[in-house]
Each structure stands twice: as structure tokens, then as C-alpha cells.
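*Asks:* Before I ask anything, let me first share the structure, which is written out below as C-alpha cells.
The values are calculated or read from the model by the stated rules, or taken from the named source; none is laboratory data. Computed from a prediction, not measured in an experiment: that's the story for all the values here. No Cβ is skipped: glycine too gets one built from the backbone with ideal geometry, and neighbour counts run over all protein chains shown. Side chains are part of the model used for accessible areas, which takes the heavy atoms of the whole protein and leaves out ligands, DNA and RNA. Shrake-Rupley method; radii C 1.70, N 1.55, O 1.52, S 1.80 Å.
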Amino acid sequence: MRLQGYDPVFANRARGSSPSRGRSAGTSFMDQLKSAAAPEKAADSLDLTKTGEGLRDLLHKLTPGSRDVLDRMEAGKKDISQEEWTGLCKELEALGAISKDDFQYTQAGWRVIPLGYWGEDGEFVRYDTVSIMKNKLPDVGHSRGGQWICPDEYDWKGDPLAYLDNWMKSLYSWRSDMARARKEDGSPKYSDFSPITDQINSCQKVTDLVRALWKCEEGAGL
């Protein structure tokens, strides 16, 4: 599949560098989405392996609207809007519970699809993106730093954790398929799946955080 308007090899070969790691200076929604391609991750201030004190403090700092979203999710309601989920995740990012990349990878309505990775020889190695791109409207997406950002309005059913779980399953399946791919000489076709694994980890992290907040809320009687 040809991705219109983007060729990371051509864009970077001339200067022999990897994709830009800078953040966009703009504050528009699309600027924030595009910045998901930057590989560095902000340090998270919340450690779920420690006591529940940080979780309780986080709960108290959330707005009533975000607390309501958590309560409805825990009650099994499947009426969460994309705006409500994105608002909750944005608060969690602002409070240091998740990183900027975690937010970009898990917000509703958009997918960030890795196109490949930079090999040891400095060449961009493209993944086989045919299966993961299916129905992702690549012609209206935006590319930057080896990732494709495109709208995805079809998978949202009002259940944020199911939304993340379905995406993780797609990423796992895609990664497994490519891990089995071989060159003509029998060697592995791809050597680096970290761009995919990073997304899986972010989705799992946000899922675990939501469940931990539920448990903390029950224990505190909030």
C-alpha cells in the first residue's frame, strides 16, 4: 500500500539522520496528534507498584466529570463518549499519571500506526502495513517520524477499555505475523518491533491505571 505524501527514507537520507524528535510548537488538536511520533517518553510520576496513597491523591485531583466517567465505566455503562474518555486521559496526563505518548496512543477516535523502524545501517525498514491499515482511511491521515496518524471512528462503542483491548489484540496479531516473516535466505525480515510494543504497553498501562483507580475508590469509600 502506498502512503501518499510520505517517504521517510527520502526525507532523511540526504542528511543521514533519524526523524525529528522535536515537539510541534502549535497547540491545535492535530499538532498534538502529530507529536505522538516523537520517541522520547516523559517520566511518569505515579508508580502503581507502591502504596495506594498516590492513587488516592490522583482520584481527589480529578474533576467531577472525570470521576463520573470512571464511575460509569466501573458500573459497566457503555455510553462513554470519545470526548469524555479523551478528557479523562488528558487529565491523567496533566497530573503526571501517564506520559504524553501514553495519552496519544490511547485517546479515542485516532490511531497512531508505526510504519517501520530505523535499522542499524541508518535505512528506514518499512513494516508490512496492509493488514493493520485496513479500514483506517490512510488517504486522510497525517504522517510524521515514521508513524501514520489517521481517524478511526468505527471501533468506538462507548466502552473505552474494550476499545483499547481490541486495539491491543490487533497490534499483537500484526506483530506476530511480521515476526514470522522471513527473507529469501531464511533470516527474519524484521529485527525491531519496539514501535508496536510501545503502543501495546501504553494501552495496557492506561487500562491497568483505570482498574487500579476503581479499586482504590472502592477501598476508600469515595
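*Asks:* For segment 144-163, enumerate the residues that are in contact with a helix residue (DSSP H, G or I) (Cβ under 9 Å, 6 or more places away or on another chain), aliphatic (A, V, I, L, M) and part of a helix (DSSP H, G or I).
*Replies:* Within segment 144-163, 161 is the sole residue that qualifies.
*Asks:* Output the number of residues of segment 75-94 satisfying the condition of being among the hydrophobic types (A, V, I, L, M, F, W, C), in contact with an Asp or Glu (Cβ under 9 Å, 6 or more places away or on another chain) and assigned to a loop (DSSP other than H, G, I, E, B).
*Replies:* 1
*Asks:* State the number of residues belonging to segment 204-217 that are hydrophobic (A, V, I, L, M, F, W, C), open to solvent by 10 Å² or more (accessible area, probe 1.4 Å) and within 20 Å of the chain's Cα centre (by Cα).
*Replies:* 1
*Asks:* So in segment 176-203, with the set limited to residues that are touching a Leu at 6+ places or on another chain (Cβ under 9 Å) and within 14 Å of residue 125 (Cα to Cα), which one is most open to solvent (accessible area, probe 1.4 Å)?
*Replies:* 195
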